[in-house]
Structures are given as structure tokens and as C-alpha cells.
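The values are calculated or read from the model by the stated rules, or taken from the named source; none is laboratory data. Worth saying up front: this structure is predicted, and the values here are computed from it rather than measured. Cβ atoms come from the backbone with ideal geometry, glycine included; neighbour counts cover every protein chain shown. The protein model used for the area step is the full one, side chains on, heavy atoms only, and it has no ligands, DNA or RNA in it. Shrake-Rupley method; radii C 1.70, N 1.55, O 1.52, S 1.80 Å.
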Amino acid sequence: MNKNSLFLSLSAVLLLAGCASSDYSNEDRSAIYSSNEYLPKTKAIPRSTEASLAAANKAGDKQEALAILQKIYVDNPKDPVVAVRYGRLLREDDQIKAAEKVLQPYTGGKNANDLALTEMAMTQIALGNFPAAQTYAEKALKLNDKNARSHLALGTALDAQKEHQKAEVAFRNGMKHWKGDPTPIMNNLALNLASQGHLQEALSLIEKALDKNPNRLDLERNRRIIATLLESTGPRAPAPAKKPTS
């Protein structure tokens, strides 16, 4: 595979990682949900129900988790956290339009909620509407600039629009505030750095992510892509200490 093909592969991986906090293949899902991933809490979802959701997610039983959250949503239609949790799971089940419908009431006006705006940004990424995703993520950050997933969504949307340096800033800001397993945002930052040609730093970061979560198959795949790129291009020549004389 030549260098151009590798960079195209990397770009494709980066877009697929857009919702990196949750969107993985079925074989990876049990590893994801067994991690200490942060989820917003609400009294509408008691501890016993949280335990049932965690068990369903760990077992990879998406339909059971959806059924649980659907019932809670029907009983609590005005709870934004319930809407966010339900909308997120709908998105993960590729029910994008349904997710949009659930989230829409909390994306504008007096009901605007940074969690819902962030999740709406993720749905737009899933649809390939990157400018819209950027707008939703920026609105979320105006409400709460410490929402790490908003920074993740913003960075992913910017990366998809080839605004790599701005995306890097967003990812690094998200790292500062991340709760739970940080490997999703570490993965996207590593891919961002690789897309800018910072391959050694990218490789180091994704190896750290693998140390934290060695069961993530997507991390190992991306590590191999970045390592192959580094091998094919070689390390960058060091900058001269002073201007060479003729």
C-alpha cells in the first residue's frame, strides 16, 4: 500500500471514529460498555435500572437496553437526560431520525441543553452533516465549555471538514475535562495528529490508549495504520539549530 492510500485509509478511519465514544462493531461492544464510561445521571433512572442497563450493554443486548430506555422515556418525556440517553442508544442502533426527534425539543430556546445539543451533534456526524454537527457542538459549548463530549463532537466535525488544527484544539480541550475511560477521545486525537503528519506523537498516544483499554480492537487497527504510515514515511528530519551557511 502506498503512502497516499494509507492516508486515505486513515481519513476513512477518522470519519468512522466520529462518534468514537460509542460507535463500534458488535465484537467490540462488550469491551466498551465494561469500561468506566461516563453517562449523565437522573432520578428518573434509578440505580436498579442503571444496573439492568449496564448488564444489557455488557452482554451486547442493545434491544433490551432500548426497551428499558424507551419505557423510561415514555414515562418521563420532559427529562432531558432521559432524552439524551435514549437518543444516544437510538443513534447507536442506526435509528438516526428517531434519535433526532427525541433530541430536538432540547436543542433550542429555553429548553436548550448542552447534553442534548452534543448528542444532536453526534447524530449529524452519523448522517455526514458535518457543518450542522459543528454548529450544534458550538452551541453546546456556549452553555457548558467543560462538556468533554461537546469538544469531541466539535473536533470530529472540524476534522471531517479538514480543519485539522482547530480540531486538535477541540480534542485537547476535551481531554482536560473527560470523565471515565478516555480512550475514545485519545483515539480521535491520535488520528487527528496522524492526519497532520505528527506520526510519532500519534503512535505514542494511541499506544497509551491501548495500555488503558487493550480489548479495543479498533485501537489496535488504528495503531497498525499509524505505525505503517510512520514506517513508510520515516521520521521527520530535525530542524536545524541555526541557518546553514552556504
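Taken over region 126-140, the criterion of being hydrophobic (A, V, I, L, M, F, W, C) and within 18 Å of Val169 (Cβ to Cβ) is satisfied by Phe130, Ala133, Ala137, Ala140. Just one of the listed residues (Thr156, Thr107) is among the polar types (S, T, N, Q) and either open to solvent by 10 Å² or more (accessible area, probe 1.4 Å) or closer than 23 Å to Ile45 by Cβ (or both), namely Thr107. Exactly one residue among Gly197, Gly174 is at pLDDT 95 or above and out of contact with any Cys (no Cβ under 8 Å at 6 or more places or on another chain), and that residue is Gly174. Residues that are under 19 Å from Leu89 (Cβ atoms) and touching a residue at least 40 places away in the same chain (Cβ under 8 Å) number at least 2 in the following helices (runs of 4 or more DSSP H) confined to region 103-215: 114-127, 148-160.
Can we say Asn26 is closer than 27 Å to Leu189 by Cα, at pLDDT below 90, under 20 Å from the mean Cα position of the chain (by Cα) and open to solvent by 40 Å² or more (accessible area, probe 1.4 Å)?
So Asn26 passes the test.
Of the numbered criteria (1) at pLDDT 95 or above; (2) open to solvent by less than 100 Å² (accessible area, probe 1.4 Å), the one Arg216 fails is (1). Of all residues in region 75-85, none are acidic (Asp, Glu), modelled with pLDDT of 90 or more, surrounded by 15 or more Cβ atoms within 10 Å (Cβ to Cβ) and part of a helix (DSSP H, G or I).
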